[in-house]
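One structure below.
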Amino acid sequence: MKNLKSLAVLAIAFAIVVIGCKKHADTIPSPYKKASEKKAYEKRWNVTSAHRLSQTTATVSIIAVEFTHDAYLIYLSGDSIVTGTYTQLNDNTLQLNNYGTLTINSISDSNFGFTLTSTYGNTTITSAAATAVIPESTNTTAICNTWKMTKATFSDTLDLLQPGEEVYITFSRYGTYLTKDVSGDSTEYGTNTWLWTSSAQDKFCYGEWNGSNITDCNGLSNVSISFSDQYSKLKVIETVKDTTFGLNFTVTYDMEVQ
(Lines give C-alpha, C1' and ligand atoms only; values in the text may rest on other atoms or scores of the structure.)
Protein backbone atom coordinates (compact mmCIF):
# COMPACT_ATOMS: atom_id res chain seq x y z
CA MET A 1 0.00 0.00 0.00
CA LYS A 2 3.01 2.23 -0.42
CA ASN A 3 2.30 5.46 -2.29
CA LEU A 4 -1.34 5.52 -1.23
CA LYS A 5 -2.71 8.66 -2.92
CA SER A 6 -6.43 7.99 -2.68
CA LEU A 7 -8.76 5.18 -1.82
CA ALA A 8 -8.48 4.05 -5.42
CA VAL A 9 -4.79 3.15 -5.01
CA LEU A 10 -4.43 0.56 -2.29
CA ALA A 11 -2.82 -2.46 -3.91
CA ILE A 12 -2.43 -4.13 -7.30
CA ALA A 13 -3.93 -1.03 -8.93
CA PHE A 14 -7.51 -2.19 -8.44
CA ALA A 15 -7.76 -2.82 -4.68
CA ILE A 16 -9.72 0.13 -3.31
CA VAL A 17 -10.43 1.40 0.19
CA VAL A 18 -14.06 2.50 0.30
CA ILE A 19 -16.44 3.01 3.17
CA GLY A 20 -20.21 3.05 2.87
CA CYS A 21 -22.92 3.08 5.51
CA LYS A 22 -25.67 0.80 6.71
CA LYS A 23 -28.93 2.30 7.90
CA HIS A 24 -29.40 2.23 11.67
CA ALA A 25 -31.88 3.62 14.19
CA ASP A 26 -32.86 7.27 14.03
CA THR A 27 -30.86 8.17 17.13
CA ILE A 28 -27.32 9.49 16.62
CA PRO A 29 -24.83 6.77 17.57
CA SER A 30 -22.41 7.21 20.45
CA PRO A 31 -19.15 5.53 19.41
CA TYR A 32 -17.35 3.50 22.06
CA LYS A 33 -14.28 5.51 21.16
CA LYS A 34 -15.10 9.08 20.22
CA ALA A 35 -12.97 11.04 17.79
CA SER A 36 -11.11 13.99 19.26
CA GLU A 37 -13.02 17.26 19.33
CA LYS A 38 -12.67 19.16 16.07
CA LYS A 39 -11.20 22.65 15.91
CA ALA A 40 -13.12 25.46 14.18
CA TYR A 41 -10.72 25.38 11.21
CA GLU A 42 -11.02 21.60 10.69
CA LYS A 43 -12.98 21.90 7.45
CA ARG A 44 -12.38 22.27 3.75
CA TRP A 45 -12.36 25.96 2.80
CA ASN A 46 -12.84 27.13 -0.77
CA VAL A 47 -10.67 30.17 -1.36
CA THR A 48 -12.62 33.26 -2.40
CA SER A 49 -9.80 35.80 -2.42
CA ALA A 50 -6.06 35.25 -2.48
CA HIS A 51 -2.85 36.71 -3.81
CA ARG A 52 -0.84 34.48 -6.07
CA LEU A 53 1.74 32.31 -4.43
CA SER A 54 5.15 31.63 -5.98
CA GLN A 55 6.30 28.07 -5.55
CA THR A 56 9.81 27.29 -6.80
CA THR A 57 9.80 28.64 -10.38
CA ALA A 58 6.04 28.44 -10.91
CA THR A 59 3.32 30.88 -9.92
CA VAL A 60 0.22 29.17 -8.64
CA SER A 61 -3.07 30.07 -7.02
CA ILE A 62 -4.54 28.57 -3.88
CA ILE A 63 -7.90 26.94 -4.67
CA ALA A 64 -8.75 25.50 -1.24
CA VAL A 65 -7.26 24.58 2.11
CA GLU A 66 -8.33 21.79 4.42
CA PHE A 67 -7.53 20.69 7.94
CA THR A 68 -8.59 17.27 9.19
CA HIS A 69 -7.30 15.05 11.97
CA ASP A 70 -3.58 15.97 12.25
CA ALA A 71 -2.99 16.90 8.60
CA TYR A 72 -3.30 19.93 6.34
CA LEU A 73 -3.95 20.01 2.61
CA ILE A 74 -3.40 22.96 0.29
CA TYR A 75 -5.03 22.62 -3.13
CA LEU A 76 -3.21 24.60 -5.82
CA SER A 77 -3.94 25.46 -9.41
CA GLY A 78 -2.52 22.98 -11.89
CA ASP A 79 -4.18 20.11 -10.01
CA SER A 80 -1.48 19.83 -7.34
CA ILE A 81 -1.86 19.29 -3.61
CA VAL A 82 0.57 20.02 -0.77
CA THR A 83 0.03 17.88 2.32
CA GLY A 84 1.67 17.25 5.66
CA THR A 85 1.19 17.40 9.40
CA TYR A 86 0.67 20.58 11.36
CA THR A 87 1.13 21.86 14.91
CA GLN A 88 -1.00 24.51 16.61
CA LEU A 89 1.53 26.86 18.22
CA ASN A 90 -1.05 29.11 19.89
CA ASP A 91 -4.68 30.21 19.45
CA ASN A 92 -3.95 31.95 16.14
CA THR A 93 -0.89 30.27 14.63
CA LEU A 94 -0.45 26.90 12.92
CA GLN A 95 2.92 25.51 11.91
CA LEU A 96 2.49 23.66 8.61
CA ASN A 97 5.35 21.20 8.61
CA ASN A 98 7.50 21.36 5.48
CA TYR A 99 5.56 24.37 4.19
CA GLY A 100 5.34 27.41 6.46
CA THR A 101 2.98 29.06 8.94
CA LEU A 102 -0.67 30.05 8.88
CA THR A 103 -1.98 32.90 11.02
CA ILE A 104 -5.71 32.95 11.70
CA ASN A 105 -7.10 36.46 11.26
CA SER A 106 -10.79 35.61 11.60
CA ILE A 107 -12.95 32.51 11.62
CA SER A 108 -16.62 31.62 11.81
CA ASP A 109 -18.76 28.66 10.81
CA SER A 110 -18.77 29.78 7.18
CA ASN A 111 -15.73 32.05 6.65
CA PHE A 112 -12.01 31.83 7.29
CA GLY A 113 -9.52 34.68 6.97
CA PHE A 114 -5.83 33.86 7.30
CA THR A 115 -2.29 34.82 6.36
CA LEU A 116 -0.20 32.06 4.83
CA THR A 117 3.56 32.50 4.87
CA SER A 118 5.34 29.78 2.96
CA THR A 119 8.95 28.68 3.27
CA TYR A 120 9.45 30.29 -0.14
CA GLY A 121 9.23 33.68 1.54
CA ASN A 122 5.88 34.74 0.09
CA THR A 123 2.84 35.82 2.08
CA THR A 124 -0.71 35.33 0.93
CA ILE A 125 -3.70 37.04 2.51
CA THR A 126 -6.66 34.77 1.90
CA SER A 127 -10.34 34.60 2.70
CA ALA A 128 -12.26 31.38 2.24
CA ALA A 129 -15.76 29.96 2.61
CA ALA A 130 -16.60 26.53 4.03
CA THR A 131 -17.78 23.96 1.54
CA ALA A 132 -21.34 22.67 1.75
CA VAL A 133 -21.83 19.99 4.39
CA ILE A 134 -23.50 16.61 4.11
CA PRO A 135 -26.70 16.79 6.20
CA GLU A 136 -26.31 15.28 9.65
CA SER A 137 -27.77 11.81 10.05
CA THR A 138 -27.09 8.60 11.93
CA ASN A 139 -24.90 7.17 9.19
CA THR A 140 -23.07 10.41 8.48
CA THR A 141 -22.27 10.93 12.15
CA ALA A 142 -21.08 7.34 12.49
CA ILE A 143 -18.70 7.45 9.55
CA CYS A 144 -17.31 10.97 10.02
CA ASN A 145 -14.44 9.94 12.26
CA THR A 146 -10.85 8.86 11.84
CA TRP A 147 -10.48 5.10 11.37
CA LYS A 148 -7.35 2.98 11.71
CA MET A 149 -7.18 0.01 9.39
CA THR A 150 -6.48 -3.17 11.33
CA LYS A 151 -6.76 -5.64 8.46
CA ALA A 152 -7.05 -5.53 4.68
CA THR A 153 -7.76 -8.72 2.75
CA PHE A 154 -7.85 -9.16 -1.03
CA SER A 155 -10.12 -11.94 -2.31
CA ASP A 156 -10.31 -13.37 1.23
CA THR A 157 -6.71 -14.56 1.07
CA LEU A 158 -4.07 -11.88 0.39
CA ASP A 159 -3.15 -9.57 3.29
CA LEU A 160 -2.59 -6.09 1.87
CA LEU A 161 -1.20 -4.42 4.99
CA GLN A 162 2.58 -4.62 5.17
CA PRO A 163 4.40 -5.32 8.47
CA GLY A 164 4.77 -2.08 10.41
CA GLU A 165 2.43 -0.18 8.08
CA GLU A 166 -0.38 1.95 9.52
CA VAL A 167 -3.24 3.31 7.44
CA TYR A 168 -5.79 5.87 8.65
CA ILE A 169 -8.92 7.07 6.88
CA THR A 170 -10.65 10.30 7.96
CA PHE A 171 -14.09 11.13 6.60
CA SER A 172 -15.65 14.58 7.01
CA ARG A 173 -19.12 16.04 6.59
CA TYR A 174 -17.64 18.32 3.96
CA GLY A 175 -17.60 15.47 1.49
CA THR A 176 -13.88 14.82 1.77
CA TYR A 177 -11.76 12.01 3.07
CA LEU A 178 -8.10 11.87 3.91
CA THR A 179 -5.89 8.80 3.65
CA LYS A 180 -2.75 8.65 5.77
CA ASP A 181 -0.27 5.85 5.11
CA VAL A 182 2.59 5.51 7.62
CA SER A 183 5.39 3.09 6.82
CA GLY A 184 8.69 3.42 8.66
CA ASP A 185 9.89 7.02 8.38
CA SER A 186 7.59 7.71 5.43
CA THR A 187 4.12 9.28 5.73
CA GLU A 188 1.99 9.83 2.66
CA TYR A 189 -1.39 11.52 2.30
CA GLY A 190 -4.14 11.44 -0.28
CA THR A 191 -7.56 13.05 -0.49
CA ASN A 192 -10.71 12.57 -2.54
CA THR A 193 -14.42 13.29 -2.21
CA TRP A 194 -17.16 10.93 -1.06
CA LEU A 195 -20.89 10.85 -1.67
CA TRP A 196 -23.93 8.91 -0.48
CA THR A 197 -25.61 7.32 -3.49
CA SER A 198 -28.96 6.26 -2.04
CA SER A 199 -31.58 7.82 0.18
CA ALA A 200 -31.10 4.98 2.64
CA GLN A 201 -27.41 5.94 2.89
CA ASP A 202 -26.34 2.35 2.43
CA LYS A 203 -24.28 2.99 -0.71
CA PHE A 204 -21.28 5.18 -1.24
CA CYS A 205 -18.88 6.27 -3.98
CA TYR A 206 -15.88 8.55 -4.26
CA GLY A 207 -14.11 10.67 -6.83
CA GLU A 208 -11.50 13.33 -7.49
CA TRP A 209 -10.77 15.85 -4.73
CA ASN A 210 -12.89 18.52 -6.41
CA GLY A 211 -15.81 16.16 -6.94
CA SER A 212 -15.62 16.48 -10.71
CA ASN A 213 -16.31 12.82 -11.46
CA ILE A 214 -18.82 11.66 -8.87
CA THR A 215 -22.01 13.35 -10.01
CA ASP A 216 -23.72 10.04 -10.76
CA CYS A 217 -21.20 7.40 -9.61
CA ASN A 218 -21.79 5.31 -12.72
CA GLY A 219 -19.42 2.38 -13.06
CA LEU A 220 -18.02 2.59 -9.56
CA SER A 221 -17.71 -0.41 -7.28
CA ASN A 222 -20.32 -1.75 -4.86
CA VAL A 223 -19.57 -1.22 -1.18
CA SER A 224 -21.21 -2.58 1.95
CA ILE A 225 -20.31 -1.89 5.57
CA SER A 226 -21.28 -2.93 9.07
CA PHE A 227 -20.58 -1.35 12.45
CA SER A 228 -19.98 -3.27 15.67
CA ASP A 229 -18.95 -2.68 19.30
CA GLN A 230 -21.05 0.48 19.70
CA TYR A 231 -19.86 1.88 16.36
CA SER A 232 -16.19 1.65 17.35
CA LYS A 233 -15.44 -0.98 14.68
CA LEU A 234 -16.18 -0.95 10.98
CA LYS A 235 -16.02 -3.74 8.41
CA VAL A 236 -15.95 -2.71 4.77
CA ILE A 237 -16.58 -5.15 1.93
CA GLU A 238 -16.16 -3.90 -1.62
CA THR A 239 -16.58 -5.61 -4.95
CA VAL A 240 -14.07 -4.12 -7.37
CA LYS A 241 -15.05 -4.40 -11.02
CA ASP A 242 -12.35 -4.83 -13.63
CA THR A 243 -14.08 -3.78 -16.86
CA THR A 244 -11.03 -4.65 -18.97
CA PHE A 245 -11.09 -8.36 -18.17
CA GLY A 246 -14.68 -8.65 -16.98
CA LEU A 247 -13.66 -9.85 -13.53
CA ASN A 248 -14.88 -8.98 -10.02
CA PHE A 249 -12.66 -8.92 -6.96
CA THR A 250 -13.58 -8.60 -3.27
CA VAL A 251 -11.58 -6.46 -0.86
CA THR A 252 -12.40 -6.51 2.86
CA TYR A 253 -11.19 -3.91 5.37
CA ASP A 254 -11.48 -3.99 9.14
CA MET A 255 -11.16 -0.64 10.93
CA GLU A 256 -11.34 0.84 14.41
CA VAL A 257 -12.36 4.40 15.24
CA GLN A 258 -9.64 6.62 16.71
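The values are calculated or read from the model by the stated rules, or taken from the named source; none is laboratory data. Being a predicted model, the structure only gives us computed values, none of them experimental. Every residue, glycine as well, gets a Cβ built from its backbone with ideal geometry; the counts of neighbours run over all protein chains shown.
Summary of values
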read-out: The range 96-125: number of residues that are under 27 Å from residue 258 (Cα atoms) and either modelled with pLDDT under 85 or surrounded by fewer than 16 Cβ atoms within 10 Å (Cβ to Cβ) (or both); value: 5
read-out: Hits in the range 202-244 - residues which are at pLDDT 80 or above and β-branched (Val, Ile, Thr); value: 236, 237
read-out: Every residue from the range 115-135 that is free of Cβ contacts under 8 Å to residues at least 60 places away in the same chain and under 22 Å from the mean Cα position of the chain (by Cα); value: 132, 133, 135
read-out: Residues that are surrounded by 18 or more Cβ atoms within 10 Å (Cβ to Cβ) and touching a strand residue (DSSP E or B) at 6+ places or on another chain (Cβ under 7 Å), drawn from the range 137-152; value: 142, 143, 144, 145, 146, 147, 149, 152
read-out: Residues being over 14 Å from residue 103 (Cα atoms) and either of a type in the set (S, T, N, Q) or out of contact with any strand residue (DSSP E or B) (no Cβ under 9 Å at 6 or more places or on another chain) (or both) - total across the range 120-136; value: 5
read-out: Residue pairs meeting the criteria (Cβ under 6 Å; at least 6 apart or on separate chains; first under 17 Å from residue 159 (Cα atoms), in the range 239-257; second of a type in the set (Phe, Trp, Tyr)); value: 240/14; 240/249; 251/154; 255/147
read-out: Considering residues of the range 161-211 that are acidic (Asp, Glu) and within 18 Å of residue 257 (Cα to Cα) only, the residue surrounded by the most Cβ atoms within 10 Å (Cβ to Cβ); value: 181
read-out: Residues satisfying the stated conditions in the range 142-174, i.e. touching a residue at least 24 places away in the same chain (Cβ under 8 Å) and β-branched (Val, Ile, Thr); value: 143, 146, 150, 153, 167, 169, 170
read-out: Complete set of residues in the range 126-144 that are of a type in the set (S, T, N, Q) and assigned to a strand (DSSP E or B); value: 126, 127
read-out: Residues located in the range 78-114, provided they are closer than 17 Å to residue 60 by Cα and without any contact (Cβ under 8 Å) to a residue 24 or more places away in the chain; value: 78, 79, 80, 82, 100
read-out: Matching residues in the range 145-204 - criterion: being outside any strand (DSSP E or B) and among the hydroxyl-bearing types (Ser, Thr, Tyr); value: 155, 157, 172, 174, 197, 198, 199
read-out: The lone exception for residue 86 - which of (1) touching a Lys or Arg at 6+ places or on another chain (Cβ under 9 Å); (2) modelled with pLDDT of 85 or more; (3) of a type outside the set (Asp, Glu) it fails; value: (1)
read-out: Search result, residues across the range 236-258 that are closer than 15 Å to residue 170 by Cα, assigned to a strand (DSSP E or B) and not hydrophobic (A, V, I, L, M, F, W, C); value: 253, 254, 256
